[in-house]
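The values are calculated or read from the model by the stated rules, or taken from the named source; none is laboratory data. These numbers come from a predicted model, not from an experiment. All Cβ positions, glycine included, derive from the backbone under ideal geometry; neighbour counts span all protein chains shown. For the accessible areas, the whole protein counts, side chains as well, though only heavy atoms, and no ligand, DNA or RNA atoms are used. Shrake-Rupley method; radii C 1.70, N 1.55, O 1.52, S 1.80 Å.
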Amino acid sequence: MKRFSIKALVAIGMLSSISYILMLLNFPIPPFPQFLMIDFSDVPALIAALIFGPAAGILVELIKNVLDYFMTGSATGVPVGHISNFIAGVLFVLPTYYVYNKLKTKKGMTFGLIAGTMIMAIVMSVLNYIIILPAYTWFLNMPAMSSPEMRTMIVTGILPFNIVKGFIITIVFMLLFTRMSTWIQKQTALRNA
């Protein structure tokens, strides 16, 4: 495993705290169920991944979710939502990082963000069907959802929400990236030197 410098660890810690604060500023999007909230906490994880590598992006996602679980708790008592958020963030950040790392252009970043959005939306839909929704119903002592009910919820709520969330984060990140790309490339070059 790659060892991070003190500077990198401090930067990852700062980006994790910014990510945690952004996670607290979540809001629902009206046509979707109220428990599906959008936030921009994946943006600092993307920045960390671009500068320090994919492990840094994963660390930011992990620290953000651990902080949120300890500070706000979970309705189920078990961090099902936090684990789900962590997996979704990693599924969004890693494809974006790898596609951008291959192409190294603004167009490459756009393709990477779109790939990250689609991978996150599809894989999270499958995981919601197999693991996450059953875990929520079990830990909340609710009656189990039937297979058609879960499929309907995923197809009409969770999948479109994750696509919309990914595209909103893509727009916000591209606005930041157009301003920060030279700085990010400079920081990456300094790290690799």
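Give me the 1.4 Å probe accessible area per residue for the chain, excluding ligands and nucleic acids, in Å².
53 Å²
Angle, helix 106-127 long axis vs. longest principal axis of the chain, Cα atoms, 0 to 90°, nearest 10?
30 degrees
Cut-off 10 angstrom, C-alpha nodes, Gaussian network model of the chain. Which of MET120, MET109, MET145 fluctuates the most?
Ranking MET120, MET109, MET145 by mean-square fluctuation puts MET145 first.
What's the center-to-center distance, using Cα atoms, between segment 122-165 and segment 21-35 in Å?
Comparing the Cα centres of segment 122-165 and segment 21-35, I get a distance of 17 Å.
Working from Cα positions, state the angle (0 to 90°, nearest 10) between the long axis of helix 159-192 and the longest principal axis of the chain.
The angle comes out near 20 degrees.
In segment 34-110, what percent of the accessible surface is made up of carbon and sulfur (1.4 Å probe, ligands and nucleic acids excluded)?
73 percent
Taking the chain as a Gaussian network, Cα atoms linked when under 10 Å apart, which of PHE70, PHE92, PHE111 shows the biggest mean-square fluctuation?
Sorting by GNM fluctuation, first place goes to PHE70.
Could you tally the net charge around ILE158, taking each other residue with its Cβ under 15 Å from the Cβ of ILE158, Lys/Arg +1 and Asp/Glu -1?
Details: positive: ARG151, LYS165; negative: GLU149.
Cβ neighbours under 15 Å give a net charge of +1.
Build a GNM of the chain with springs between Cα atoms under 10 Å: which of ASN65, ASN141, ASN128 gets the top mean-square fluctuation?
ASN141
Mind pulling the angle between the C-alpha long axis of helix 80-103 and the longest principal axis of the chain? Nearest 10 degrees, somewhere in 0 to 90.
Helix 80-103 sits at roughly 40 degrees to that axis.
Less than 18 Å from a label point 7 Å out along the Cα-to-Cβ axis of VAL10: which backbone N atoms in segment 29-65 qualify, by residue?
Inside the label zone: 48, 51-52.
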